[in-house]
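The values are calculated or read from the model by the stated rules, or taken from the named source; none is laboratory data. Computed from a predicted model, the values in this text were never measured in an experiment. Please note: Cβ atoms are built from the backbone with ideal geometry, for glycine as well, and neighbour counts cover all protein chains shown. The protein model used for the area step is the full one, side chains on, heavy atoms only, and it has no ligands, DNA or RNA in it. Shrake-Rupley method; radii C 1.70, N 1.55, O 1.52, S 1.80 Å.
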Amino acid sequence: MKDAQVEVGEFHAALDGGQWKKIWIAADPDLRKGTDKAQFEKLLEAVHRKLGAVRDSRQVSLNVNSGTGGTFVTVIMQTTFAKGTGTEEFVFRRGEGKAMALVRYNIQSQDMMLN
């Protein structure tokens, strides 16, 4: 649980710093295979531009699922940004040495759509 919170914190720091490339490079290979880099970076830029910096983020759900593809940790965060709120879904894969890498990121935010 703490590892997932650390990963979310690092994601938010990179998001606030405009470090889209850093998030992309650290992501799980499955995210990079299934998502176009330019579109992913465009999504992150839009989140930051429309919602602003992260002000507060609290975990509302955590799920761990192990299978043949590895151990996946899904974290749902209710996040307050400078210009609105959003519900973020992070899916991480726990790899060798217990390192975690982002497999999927989704955000649901009416404020983002309206800004």
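Only one of these is touching a residue at least 40 places away in the same chain (Cβ under 8 Å) and open to solvent by 80 Å² or more (accessible area, probe 1.4 Å): GLN59, GLN19, GLN5. Name it.
GLN5
Give the residue that is farthest from LYS98 (Cα to Cα), with candidates limited to residues of the stretch 16-75 that are of a type in the set (Ser, Thr, Tyr) and in a loop (DSSP other than H, G, I, E, B). Don't jump to the end; show me each part of the working.
If we filter the stretch 16-75 for residues that are of a type in the set (Ser, Thr, Tyr), which is where we start, we get 35, 57, 61, 66, 68, 71, 74.
Now restrict to residues that are in a loop (DSSP other than H, G, I, E, B): 35, 68.
Values: THR35: 24, THR68: 16 Å.
Here the residue is THR35.
Being out of contact with any helix residue (DSSP H, G or I) (no Cβ under 7 Å at 6 or more places or on another chain), among the basic types (Lys, Arg) and open to solvent by 40 Å² or more (accessible area, probe 1.4 Å), is that true of even one residue in the stretch 99-112?
No, the stretch 99-112 contains no residue that is out of contact with any helix residue (DSSP H, G or I) (no Cβ under 7 Å at 6 or more places or on another chain), among the basic types (Lys, Arg) and open to solvent by 40 Å² or more (accessible area, probe 1.4 Å).
Residues in the stretch 76-115 that are in contact with a strand residue (DSSP E or B) (Cβ under 7 Å, 6 or more places away or on another chain) and not in a strand (DSSP E or B): how many?
Here the count works out to 6.
When only residues in the stretch 90-115 that are in contact (Cβ under 8 Å) with a residue 24 or more places away in the chain and charged (D, E, K, R) count, which is farthest from TRP24 (Cα to Cα)?
In this case the residue turns out to be ASP111.
Going by the structure shown, is ALA38 under 18 Å from ILE23 (Cα atoms) and without any contact (Cβ under 8 Å) to a residue 60 or more places away in the chain? Before the answer, list the steps.
Working: under 18 Å from ILE23 (Cα atoms): yes; without any contact (Cβ under 8 Å) to a residue 60 or more places away in the chain: yes.
In short, yes.
Using the structure shown, decide if ASP28 is surrounded by fewer than 18 Cβ atoms within 10 Å (Cβ to Cβ) and either out of contact with any Cys (no Cβ under 7 Å at 6 or more places or on another chain) or at pLDDT 95 or above (or both).
For ASP28, the condition - surrounded by fewer than 18 Cβ atoms within 10 Å (Cβ to Cβ) and either out of contact with any Cys (no Cβ under 7 Å at 6 or more places or on another chain) or at pLDDT 95 or above (or both) - is not met.
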